[in-house]
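A short write-up of the structure that comes next.
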Amino acid sequence: MNIAIVTGSAGLIGSEAVKFFADRFDVVAGIDNNLRQYFFGKEGSSDWNKNRLQETFANYRHYNADIRDTGELETIFAKYNSDIKLVLHTAAQPSHDWAAKEPFTDFTVNANGTLNMLEMTRKFCPEAVFIFTSTNKVYGDTPNRLPLVELETRWEIDQLHSYYNKGIDEQMSIDQTKHSLFGASKVAADVLVQEYGRYFGMKTGVFRGGCLTGPNHSGAKLHGFLSYLMKCAITGDQYTIFGYKGKQVRDNIHSYDLVNMFWHFYENPHPGEVYNAGGGRYSNCSMLEAIAICEQITGNKMNYLYTEDNRIGDHIWWISDVTRFKTHYPGWNWKYDLNDILTQIFEATALRVVH
């Protein structure tokens, strides 16, 4: 049998992966205990998504386990053992701001949890491919030192800079920079995953995501930029822009496009490899530009507040250069651009908000 294990399976990327893998594996085993509700309150709960997966995919098995608990993980891994061909680790505490409230929780989920998953894989299914969803926050606020130019609706990098055409590549240092505690715990996990590939020879891959988004995001105030923005556009709830005049730029990758990257890696793994993974020049926006698109799609004027205080470690301009991945996997390309993404988020969120 071919088994895929997905942590954070009721989250945005995890649930997209379950859908993608359901007809490619005999069983998809999901591990998710809805810690997202603990982090972000009722609006962050992913239970609706877990229920949807269980109703939709007959070969999906859900485990309400905590990745910090090696006993619970051992039971799952021992059950499937060497039939496990893929471990996709997406579970995380994903917020800068939240991490500072409970550093122990953040670090044990993000760093210790990743170590637990790596060790379970090494013990029970060392030949499996292990894929980790890291983050561009491992680069800390180093991108903010780039030569940026203020335009009417966005910050942009100087046209003469080598990053202008394609964005920021994997050669940027992750050291001696302000990460936020979230960024620091993800650095620990990121380096661990690389090390299990380089030191133990396991088939590990690290994907440093920009803004990961899509219609199945349980967007909350502290996490889920486009999802939460669209929710506010629909409901009229006040949205807060934190600093940089609302001109901070993010690239945005649809959850399907990211999971398709994972699939390409799974089919031909490059052990210990690191890839920046985002919308690149193909799909990106500033906060002000995103608000304008949300207003256009919903037909509503957005209710938003601006505060000068930017989030600690936040990027002013981030666009991922995905050249390295595309060079290794020339068959991959984006399917969904920014307008596709926001239209899908609108349609899905409108249904959930109404009901």
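If you average 1/r across every pair of different Cα atoms in segment 208-276 and take the reciprocal, what Kirkwood value do you get, in Å?
Mean inverse Cα-Cα distance, inverted, gives 14.1 Å.
For segment 1-67, what is the accessible area per residue in Å², given a 1.4 Å probe and the full set of protein chains? Present the calculation step by step, with values, prior to reporting the outcome.
On the way: 2670 Å² over 67 residues.
Value returned for segment 1-67: 40 Å² of accessible area per residue.
Among G236, G278, T204, whose Cα sits farthest toward the positive end of the charge dipole of segment 193-341 (+1 at Cβ of Lys/Arg, -1 at Cβ of Asp/Glu, about the Cα centre)?
T204
May I ask which of K101/K137; K166/K231; K123/K186 have a Cα-Cα span longer than 29 Å here?
Working: K101/K137 18 Å; K166/K231 31 Å; K123/K186 23 Å.
Flagged as over cut-off: K166/K231.
For segment 33-102, what's the radius of gyration and Dmax over Cα atoms, in angstrom?
In Å, with Rg to one decimal and Dmax whole: 14.2, 40.
Which distance in Å, rounded to a whole number, links the C-alpha centroids of segment 55-96 and segment 206-255?
27
Can you give the Kirkwood hydrodynamic radius for segment 199-355, in Å, rounded to one decimal and based on Cα pairs?
16.6
Rule-of-thumb check for the chain: C-alpha Rg over 2.2 N^0.38 Å?
0.94
By its C-alpha gyration tensor, with a ≥ b ≥ c as the square roots of the eigenvalues, how is segment 65-149 shaped: rounded for a/c under 1.5, else prolate for a/b larger than b/c, else oblate?
oblate
Using label points projected 7 Å from each Cα along Cα→Cβ, tell me how many nm separate S162 and K178, to one decimal.
Placing both labels 7 Å beyond Cα along the Cβ direction yields 2.7 nm.
Where in segment 262-294 is the amide nitrogen less than 11 Å from a point lying 7 Å along the Cα-to-Cβ axis of E308?
The answer is none, because no backbone nitrogen lies closer than 11 Å to the label point.
Using only the Cα atoms, what convex hull volume per residue in Å³ does segment 314-355 have?
Roughly 128 Å³ of hull volume per residue.
Could you tell me how many degrees, from 0 to 90 and to the nearest 10, lie between the Cα long axis of helix 287-298 and the main elongation axis, the longest principal axis, of the Cα atoms of the chain?
Value to nearest ten degrees: 90.
On the accessible surface of segment 131-185, probed at 1.4 Å, how many percent belong to carbon and sulfur atoms? Write down the numbers at each step before the final one.
Numbers: 1330 of 2750 Å².
Its accessible area is 48 percent carbon and sulfur atoms.
Could you work out what % of the accessible surface of segment 47-111 is carbon and sulfur, using a 1.4 angstrom probe and leaving DNA, RNA and ligands out of the count?
On the way: 1540 of 3030 Å².
Here carbon and sulfur together make up 51 percent of the probe-accessible area.
Packing-wise, with mean Cβ within 10 Å as the measure, how do 202-209, 320-327, 171-178, 62-69 rank, highest first?
Per-residue mean Cβ counts within 10 Å order the peptides as 202-209, 320-327, 62-69, 171-178.
With a 10 Å radius around each residue's Cβ, average the other Cβ atoms per peptide and rank 277-289, 331-343, highest first.
Top to bottom by mean Cβ count within 10 Å: 277-289, 331-343.
Given the rule -39500 (n - 2.57) for each run of at least 4 DSSP H residues, summed and divided by the residues of the chain, what is its mean residue ellipticity at 222 nm, to the nearest 500 deg cm²/dmol?
-11500 deg cm²/dmol
Note down the accessible area of W155, probe 1.4 Å, to the nearest 10 Å².
50
Which pairs break 30 Å Cα to Cα here: K79/K178; K221/K301; K85/K326; K19/K326; K50/K301? Show your work: numbers first, answer last.
Details: K79/K178 42 Å; K221/K301 19 Å; K85/K326 24 Å; K19/K326 23 Å; K50/K301 33 Å.
From the list (K79/K178; K221/K301; K85/K326; K19/K326; K50/K301), the Cα-Cα distance tops 30 Å for K79/K178; K50/K301.
The values are calculated or read from the model by the stated rules, or taken from the named source; none is laboratory data. The model shown is predicted, which means the values in this text are computed figures rather than measured ones. Glycine gets a Cβ as well: all are built from the backbone with ideal geometry, and neighbour counts include every protein chain shown. Ligands, DNA and RNA are excluded from the accessible area calculation, which covers all protein heavy atoms including side chains. Shrake-Rupley method; radii C 1.70, N 1.55, O 1.52, S 1.80 Å.
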